[in-house]
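Participant: Here's a structure for you.
The values are calculated or read from the model by the stated rules, or taken from the named source; none is laboratory data. Just so you know, these numbers come straight off a predicted model, no measurement behind them. FYI the Cβ positions are ideal-geometry reconstructions off the backbone, even for glycines, and counts take in every protein chain you see.
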């Protein structure tokens, strides 16, 4: 690749990222359905036809935004998986980092709550494959904790869905201007959620009986 072509590719990538950031902000302010391609183009000072030289459609923008967030979550989870710590510690670290990621991507993370009716798994298999890999690691750690007698869980899938549902809902009420940081919220969520999975309650109840 020549130096000229490389510079052009870099400029195009930078411009594409500007479009994604602008779209994410509009999705947050107006909602996905009410945000038009014309509105996105206007914010980044492009015509609609010029916009489509960088992205194929509004739907593609949503997919790219979601992929960025899920890729970061999955990268974090794989890093945690490589650490020689217990399932409890792995889940604790993942919970904290999950809240931090969605807190730093508030506009695009809102799509998490609505993506299934906007974007189909059949059309965007890579996005859903990334999501499934992330969920699988969470379920794996819950299952490991259950096998070790650390967690009192009947259905690993339900426990995983409960955890992810709770974490993703943070974006509905979190405000960067609020008094709570993403880190402090993450630690409190980890404490509460892992206490709910813990087998200690069961042991205490048996002792009291």
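Participant: Exactly one condition in (1) at pLDDT 95 or above; (2) not in a helix (DSSP H, G or I) is false for residue 134; which is it?
Facilitator: Against the list (1) at pLDDT 95 or above; (2) not in a helix (DSSP H, G or I), residue 134 comes up short only on (2).
Participant: Here's a check for you: in the range 48-62, which residue that is part of a helix (DSSP H, G or I) and touching a helix residue (DSSP H, G or I) at 6+ places or on another chain (Cβ under 6 Å) is surrounded by the fewest Cβ atoms within 10 Å (Cβ to Cβ)?
Facilitator: 48
Participant: Please work out which residue is farthest from the chain's Cα centre (by Cα), limiting yourself to the range 71-80 and to residues that are farther than 16 Å from residue 170 by Cα and in contact (Cβ under 8 Å) with a residue 60 or more places away in the chain.
Facilitator: 77
Participant: Could you tell me how many of the residues in the range 82-116 are part of a loop (DSSP other than H, G, I, E, B) and without any contact (Cβ under 8 Å) to a residue 60 or more places away in the chain?
Facilitator: Selection size over the range 82-116: 4.
Participant: Now for a separate question. Being assigned to a loop (DSSP other than H, G, I, E, B) and at pLDDT 95 or above is the filter here; which residues of the range 154-198 pass it?
Facilitator: Answer for the range 154-198, where residues must be assigned to a loop (DSSP other than H, G, I, E, B) and at pLDDT 95 or above: just 155.
Participant: Only one residue in 127, 197 is surrounded by 12 or more Cβ atoms within 10 Å (Cβ to Cβ) and touching a strand residue (DSSP E or B) at 6+ places or on another chain (Cβ under 7 Å). Which one?
Facilitator: Just a single option satisfies the conditions, and that option is 197.
Participant: Go through the range 10-47 residue by residue and tally those that are surrounded by fewer than 15 Cβ atoms within 10 Å (Cβ to Cβ), assigned to a loop (DSSP other than H, G, I, E, B) and in contact with a helix residue (DSSP H, G or I) (Cβ under 7 Å, 6 or more places away or on another chain).
Facilitator: Of the residues in that region, 1 qualify.
Participant: Could I ask something else about it? Quick test for you: out of 118, 142, pick the one residue that is touching a helix residue (DSSP H, G or I) at 6+ places or on another chain (Cβ under 8 Å) and surrounded by 16 or more Cβ atoms within 10 Å (Cβ to Cβ).
Facilitator: One residue alone meets the criteria, 142.
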